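Everything on this sheet refers to the single structure shown next.
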Amino acid sequence: MADLTRFIGGYHAAWTAAGHPGRGPVGLIVPVYVAESARRAREEPEASTMHFFRTIGQALLSSSTRSEDAERLIRISYDEVLEDLTVYGTPEAVADRLLELREALGYSTLSVWMNTGGQVPHERVLAAMRLFAERVVPRLA
């Protein structure tokens, strides 16, 4: 999310320099997975999430201008993904992180991607969505 902070900071600065009030609208799309325990939130989406990053990395390899990005995505560890590219955890941890991101990035619209890579079983995705709706969203309101 470090790159996002820099890019969005530039956007906010340009917004203000152009004479607009406030910080300007920012939409954020972020992979989110919610489970009752931190262990489950880490383990359940791992294979699917890593499949996504490896697939995107392989697709970018054919682009000479994006080969550095491709190599990073192919070699990225799951710990790095969890640290900087996703918001996975218990309802409390997810709400805390999304509130931190709102403060840091100033997002006004949030879209969550509950099945990064598309391989998490449907019933687990529904359970994650239920936890998000019942225990995370009220804290974001």
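The values are calculated or read from the model by the stated rules, or taken from the named source; none is laboratory data. Quantities reported herein were computed from a predicted structural model and do not represent experimental measurements. Backbone-built Cβ (ideal geometry, glycine too); neighbour counts: all protein chains shown.
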Original post:
Which helices (runs of 4 or more DSSP H) sit wholly inside the range 1-75 and have at least 2 residues that are under 16 Å from the mean Cα position of the chain (by Cα)?
Top reply: 2-17, 38-43, 46-60
Original post:
Taking the range 102-124 only, how many residues are part of a helix (DSSP H, G or I) and in contact with a Pro (Cβ under 9 Å, 6 or more places away or on another chain)?
Top reply: 1
Subject >> Residue check, Leu131 touching a residue at least 40 places away in the same chain (Cβ under 8 Å) and within 27 Å of Tyr11 (Cα to Cα) >> reply: no
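Going by the conditions given, is Arg23 modelled with pLDDT under 95, of a type in the set (Lys, Arg) and out of contact with any Cys (no Cβ under 6 Å at 6 or more places or on another chain)?
Yes, satisfied.
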**OP:** Select from the range 28-81 the residues that are polar (S, T, N, Q) and either within 24 Å of Ile8 (Cα to Cα) or exposed (fewer than 12 other Cβ atoms within 10 Å of the Cβ) (or both) and list them in ascending order.
**Re:** Ser37, Ser62, Ser63, Ser64, Thr65, Ser77
Original post:
Restricted to the range 87-130, and to residues that are crowded, with 19+ Cβ neighbours inside 10 Å and aromatic (Phe, Trp, Tyr), which residue is nearest to Phe7 (Cα to Cα)?
Top reply: Tyr107
